[in-house]
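Take a look at the structure set out below.
The values are calculated or read from the model by the stated rules, or taken from the named source; none is laboratory data. Quick caveat: nothing in here was measured; it's all calculated off a predicted structure. Backbone-built Cβ (ideal geometry, glycine too); neighbour counts: all protein chains shown. Side chains are part of the model used for accessible areas, which takes the heavy atoms of the whole protein and leaves out ligands, DNA and RNA. Shrake-Rupley method; radii C 1.70, N 1.55, O 1.52, S 1.80 Å.
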Amino acid sequence: FLCLDDIVQKDDTPMYAAQIGSELQKQFAILPGGRGMNGSPVIVFPEFPTFSELEEEELQNVLSYLTSVPSVEASGVGFILVIDRRLDRWAAVRATLLRIAGSFPGNLHLVLVLRPTTLFQRTLSDFLFKFNRDEFKMKVVMLSSVTELHAYIDPGQLTKELGGTQEYHHDSWISHRTAIEAFALMVKTTAQTLQAFGTELAETELPNDAEATTILLQTHTLKKDTMKVGDEDLRVAQSQGGRLLDCINEPLKADPEYNMTHDEQENLATVQRLLGQLDETEMAFDDFWERHRTKLEQCLHLRHFEQHFREVRAQLDVTSERLSGFSEVSVSPAHAEHVLRELSGHEDKARVNLALSLVSEGDRLIENSHYAEDSIRPKCTELRGVCEEISSTLRSKKSLLLRAMELHHALEEASHWCEEGIFLLANQPVDRCQSQDGAEAALQELERYLDTASLHTLTDRSAICCQYEAVLNSQLRVQRVFQKQSSVQEMFEKRRVSLKKLAAKQTRPVQPVAPRPEVKSPHSSPRIFYSFSGEEEENLAVLRRHVMNELLETERAYVEELLCVLEGYAAEMDNPAMAHLIPSNLHSKKDILFGNMPEIYQFHKRTFLKELEAYTDCPELVGRCFLERMKDLQIYEAYCQNKPRSESLWRQCSDCAFFQECQKKLEHKLGLDSYLLKPVQRITKYQLLLKEMLKYSKGCDGCDDLQEALSSILGILKAVNDSMHLIAITGYEGNLSELGRLLMQGSFSVWTEHKKGHAKVKDLARFKPMQRHLFLHQKALLFCKRREENGEGYEKAPSYSFKHSLSMSAVGITENAKGDNKKFEIWCNSREEVFIVQAPTPEIKTAWVNEIRKVLTQQLKACRDRPHFSPFAPFFVVCVLNFSLSDFPIIQPTGWNKASLSADASEENDGYSSGEDPMNSDPEDEVGKKLAPGKYTVVADCEKAGPQELSVKSGDMVQLIREGEEGQWFVKNLRTSKEGWVAAANLLSLISESKSSQSLSSSGRLQRTGSTHIHIFPLTLQYGYLLPSNAAQ
């Protein structure tokens, strides 16, 4: 309501008369209320012998107060000082002027000094004033008498002491000033009290239910009544103002000719203004209270309206649901009548009338200028719409049922006519039809019955279908009735033809046979295809925008939730005011509790959200945004890895006062643990949104990017899942991070075979598999035992006990083991230790074998890329990939045969190991290599796939002769002298050209030979490298 500044205005002075009453009582300076010729206020300094002894603070306080009393306009003209020093000496006069010049706070217009009257002092002052004039820094006029003073100030504006006529009583002046200031302070305090109460009421949040609103209205009304501001404080202030006004007007009452001084007139105006503002304050507060009470009452009406709206809306939903359960489809007239009766019985007019009554109530609230008009009007419109929809549905269903009944009756009547016709044909006596008269009579009977067909049969099928299209269904059997009519009419036509012949010429008797109508197969209606390509594309665009909006809205909400957690919980852990609420086991554990949530927030707030918003108008391209930030999204892996520690810490401290206080401040209904789960939920949500977007973006430009982004997100989720399993490994003494990235993990059945072990142990191992969980890293394969799940939340995740590990630099793999498509072998140390692994499905087995193959291939590449690597050096690192014989034909350079391999290696030639030299690798690894004619030795069997292709056996010597078309080479088998074609892709992956004429002798020296011939030494594993056995010694 009324602003406090409007009430107080100028009355908020720097100090009050009551504060400096003792200084004012000394009367060394007074403000009698007179004005100069130009309207300047006059301050008089009467004779005061001890003026020089005044404290500076006293002088400053009195001068500051006196200069603050006149109005701003009068003060702006400048003050006139009248200094009466007629009984003083010049030295005192000079000191007074200097002191006033340095202390006067206002704007000085003129200083009039009544100089000393003694002859000596007058002469001295006249003489010395001329020399000291500039020293005073103000306009000073020396006067010899009050008569000269009257030339500057009218005698009516001066007190009697200065030869004027103005009545001035200092004590009365102080009393008036004190009373006026006290009254102004009372007005100010009253206004402040009312404004504070009004602010409290205005800032109160309106409740969301009727009961709370009723309580709030009663509470505010009680507060207003118990304040008694309107009944007491306002009355007291008004009474005091009235008395003060009478006191100021008292001289006028005693002497109507009395002329008020300017200050008295200003005092009178001030009191009148304060009284007026007091009345305005009261009226403003009453008006505010009335508006506030009205708003609370409107809020109560709104809450009742909303509550009734919810109840009525629920009842209408029940009515709509019941109506939807009544089908307008019926199978017979009786069924249609039954449904119609049931429908009329459920026509709940009371609920519709209640809804319409509530709509009328809402309209009344709107007419009465309810503040929530924008909320009430849509609800009224919704209720009207639902009521109209219910009424329309009732009318529609009734109309359809009535039309269905009409069609049912027509169909039954037509069917009945057909049955009567068949009965007529069947009951015509045969003997009667043998005579001409009898045949004519029977014919006339048929004609009469056929004449009734137009009254009882259905004539135009297309018209019937068009007229009753809304109620046609398979159960109405319209088609059967038309078929029946057609059959009966055909039977009648045949009988008519026969009877006409009989009537024209007698024929032999005919054996009567009850006619059976023929049933013709219905003709299929032509299928009509409609093209919705344009409409479908528009629908897909709408769906894409919908998914994009959901992505952006949930992203913004997610960022806000993260900020809320970081500011409302994490930051509060560093707040000294909250330190006493934090339990000891939570100290210095913020990083454990929140993980890298700050990093996640900064990424989404500063980068990801802004980049997503850039794709608002082209949602089908949003996959590019995910692809560009896929590396950044991997920060979730660290958060998920920390989640078990975070949840464990939360369970220890969840009941502490710190978290409860933070939750209370944030007004969260859910605890911190629910918000700590948000990042896990968010990274999972992305793949769902991408799937939706991909579903609606088939054929769009960004479809491939969306598919790749979805695959990448799923890869991150897999990595997160793998890492959660990885941190559950116990008993491993080394550092898991040194094993490289985790590639795959899963549970398998494992058998072990030890070449040097006891035969019984070996046999038992084959029949009793161990359940092991395998973790494939870039540098090692870990075998672990899965433990029982226990605990709660993330502690329910399984744990794994470490059992065994194999270095990937020393393993070999056999892709097909024991004829089982789910088994494969992993072995090392020349198959002295073999692990037979059985996967749950063949697909999982294939995936693992492919991944292990990639690891070994990458090791081979790493060896080849080293600058010091040479295949003929005495010491070198070797990574081998000899793929399964069942999958690939294997060829190696001349001189490399089974006899030169180790005995263990020759036993299983279908494996690949990091202890052998690779002559075959993935075709992708051989891109850019060129084949050249030359001689090579085959190390694996390869059957021909066509009549023109060549078969080879392990150990055969072959010669590449020429390159043909379609990626094939013409090859000659030197052992069998047969020639044929071999696919170049196989040759690229399995052979290398034999141009070197060097060989490595048994002593390790390089020798020249006439043909390519390489000897292989037994190999020893030492320090992760494969060395010749004699070198290892």
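Give just the number: which of (1) at pLDDT 85 or above; (2) assigned to a strand (DSSP E or B) does GLU753 not satisfy?
Just one mismatch for GLU753, condition (1).
Just wondering, is there one or more residues in region 523-531 that are at pLDDT below 80, of a type outside the set (S, T, N, Q) and under 24 Å from LYS698 (Cα atoms)?
Within region 523-531, one or more residues are at pLDDT below 80, of a type outside the set (S, T, N, Q) and under 24 Å from LYS698 (Cα atoms).
Among all residue pairs at least 6 apart or on different chains, which show Cβ distances below 9 Å where the first residue, located in region 438-451, is closer than 19 Å to ILE422 by Cβ and the second is aromatic (Phe, Trp, Tyr)?
LEU446/PHE492; TYR449/TRP417; TYR449/PHE492; LEU450/PHE492
So in region 280-301, with the set limited to residues that are free of Cβ contacts under 8 Å to residues at least 24 places away in the same chain and of a type outside the set (A, V, I, L, M, F, W, C), which one is least open to solvent (accessible area, probe 1.4 Å)?
Selected residue: THR294.
Looking at region 156-191, which of the residues that are open to solvent by less than 20 Å² (accessible area, probe 1.4 Å) and within 60 Å of the chain's Cα centre (by Cα) is nearest to LEU31 (Cα to Cα)?
The residue in question is GLU181.
Being open to solvent by 80 Å² or more (accessible area, probe 1.4 Å) and not assigned by the TED database to the domain that holds ASP84 narrows it down to one residue among LEU222, LEU194, LEU268, LEU206; which is it?
Just a single option satisfies the conditions, and that option is LEU222.
Of the residues that make up region 417-431, is at least one among the hydrophobic types (A, V, I, L, M, F, W, C) and modelled with pLDDT of 85 or more?
For region 417-431, residues among the hydrophobic types (A, V, I, L, M, F, W, C) and modelled with pLDDT of 85 or more: present.
Name every residue in region 99-121 that is at pLDDT 85 or above, open to solvent by 30 Å² or more (accessible area, probe 1.4 Å) and over 14 Å from ALA29 (Cβ atoms), in order of residue number.
Within region 99-121, ASN107, HIS109 qualify.
Would it be correct to say that ASP460 is at pLDDT 80 or above, out of contact with any Leu (no Cβ under 8 Å at 6 or more places or on another chain) and more than 24 Å from SER396 (Cα to Cα)?
No; evaluated as a whole, the condition is false for this residue.
A quick yes/no check of all residues on (1) closer than 17 Å to LEU450 by Cβ; (2) at pLDDT below 80; (3) open to solvent by 90 Å² or more (accessible area, probe 1.4 Å):
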position: SER474; (1), (2), (3): no, yes, yes
position: VAL481; (1), (2), (3): no, no, no
position: MET491; (1), (2), (3): yes, no, no
position: LEU499; (1), (2), (3): yes, no, no
position: LEU502; (1), (2), (3): no, yes, no
position: LYS505; (1), (2), (3): no, yes, yes
position: VAL510; (1), (2), (3): no, yes, no
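Restricting attention to region 677-696, and to residues there that are in contact with a Lys or Arg (Cβ under 8 Å, 6 or more places away or on another chain) and at pLDDT 90 or above, which single residue is surrounded by the most Cβ atoms within 10 Å (Cβ to Cβ)?
Taking region 677-696 and keeping what is in contact with a Lys or Arg (Cβ under 8 Å, 6 or more places away or on another chain), we get 680, 693, 696.
Among the residues that remain, those that are also at pLDDT 90 or above are: 680, 693.
On the way: VAL680: 15, MET693: 27.
Selected residue: MET693.
Specify the residue that is surrounded by the fewest Cβ atoms within 10 Å (Cβ to Cβ); the eligible residues are those in region 579-635 that are in a loop (DSSP other than H, G, I, E, B) and among the charged types (D, E, K, R). Step through it out loud before you land on a result.
Pass one, region 579-635, residues in a loop (DSSP other than H, G, I, E, B): 582-583, 587-589, 595-596, 614-618, 622, 629-631.
Still in the list and also among the charged types (D, E, K, R): 589, 617, 629, 631.
Values: LYS589: 17, ASP617: 8, ARG629: 17, LYS631: 10.
Only one residue tops the list, namely ASP617.
Give the residues of region 78-92 that are without any contact (Cβ under 8 Å) to a residue 60 or more places away in the chain and surrounded by 17 or more Cβ atoms within 10 Å (Cβ to Cβ), sorted by residue number.
Of all residues in region 78-92, those without any contact (Cβ under 8 Å) to a residue 60 or more places away in the chain come to 78-79, 81, 83, 85-92.
Within region 78-92, GLY78, PHE79, LEU81, ILE83, ARG85, ARG86, ASP88, TRP90, ALA92 qualify.
Within the bounds of region 640-659, is there any residue that is part of a loop (DSSP other than H, G, I, E, B) and open to solvent by 60 Å² or more (accessible area, probe 1.4 Å)?
Checking region 640-659: at least one residue is part of a loop (DSSP other than H, G, I, E, B) and open to solvent by 60 Å² or more (accessible area, probe 1.4 Å).
Please find, among LEU627, LEU612, the residue that is over 17 Å from the mean Cα position of the chain (by Cα) and closer than 16 Å to GLN687 by Cα.
Working: LEU612 fails: over 17 Å from the mean Cα position of the chain (by Cα).
Just a single option satisfies the conditions, and that option is LEU627.
Quick grid of which residues meet (1) part of a helix (DSSP H, G or I); (2) farther than 30 Å from LEU302 by Cα:
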| residue | (1), (2) |
| --- | --- |
| HIS370 | no, no |
| CYS380 | yes, no |
| CYS387 | yes, no |
| ILE390 | yes, no |
| GLU412 | yes, yes |
| ALA442 | yes, yes |
